[in-house]
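Once you've had a glance at the structure underneath, I'll fire off some questions.
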Amino acid sequence: MKKIILIAALALGFAVAASAQDFRVGARIGSGFQVQAEYVYSGNNYFEGRFGMGWYHGGVLTADFTVLHNWNVCNMDWTPSAGQWFFDAGAGLTVGGRGHFVNLGVAGCAKLGIEFNDAPVRLSVDFTPAFGPAIVYVKGASSAVFNEYGIANLGLSAVFSF
């Protein structure tokens, strides 16, 4: 009987979560190009995933995957006829690489943008520094240094709600 009640409670919880979900998809350009997806789960707090390419030393393109949890810090009514301005902050992880190179780290996020009244669009500028190593490995040998290019991660993003 306990198992049935537990399964029913879990099913109810998933149904409530699924009915309240809000997804946003879009793109981010700046220190590379990423496809961006956001899942809003409570108020304006959301999980954000980015997948694409980033730049590394000497203009080398690398794969880039970042997962963040963002909190809505505040909303501002600077232009009430156009939309609601917001400031979000978050934290997460990033990983990327190419060939015999990998970079990983802990990422922070500070995002300032506007959510328009008449369109399901959010435009924002963000700073997402990543702190961690850049590792080169070739034929059993490896070398690691601090990834200073991870700190210079600025971008513009546009996401659409549905």
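The values are calculated or read from the model by the stated rules, or taken from the named source; none is laboratory data. These figures come from a predicted structure and were not determined experimentally. All Cβ positions, even for glycine, are placed from backbone atoms using ideal geometry, and neighbour counts span all protein chains on display. Each accessible area value is taken on the protein alone, full model and side chains, heavy atoms only, with ligands, DNA and RNA left out. Shrake-Rupley method; radii C 1.70, N 1.55, O 1.52, S 1.80 Å.
Within segment 116-123, identify whether any single residue is out of contact with any Cys (no Cβ under 6 Å at 6 or more places or on another chain), open to solvent by 70 Å² or more (accessible area, probe 1.4 Å), under 20 Å from residue 45 (Cβ atoms) and not hydrophobic (A, V, I, L, M, F, W, C), and answer yes or no.
For segment 116-123, residues out of contact with any Cys (no Cβ under 6 Å at 6 or more places or on another chain), open to solvent by 70 Å² or more (accessible area, probe 1.4 Å), under 20 Å from residue 45 (Cβ atoms) and not hydrophobic (A, V, I, L, M, F, W, C): present.
So which of 66, 62, 94, 79 is within 13 Å of residue 150 (Cα to Cα), polar (S, T, N, Q) and more than 15 Å from the chain's Cα centre (by Cα)? First the steps, then the outcome.
Values: 66 fails: more than 15 Å from the chain's Cα centre (by Cα); 94 fails: more than 15 Å from the chain's Cα centre (by Cα); 79 fails: within 13 Å of residue 150 (Cα to Cα).
Sole residue among the options that is within 13 Å of residue 150 (Cα to Cα), polar (S, T, N, Q) and more than 15 Å from the chain's Cα centre (by Cα): 62.
Kindly provide the set of residues from segment 124-162 that are surrounded by 15 or more Cβ atoms within 10 Å (Cβ to Cβ) and within 20 Å of residue 87 (Cβ to Cβ), ordered by number.
124, 126, 127, 128, 129, 153, 155, 157, 158, 159, 161
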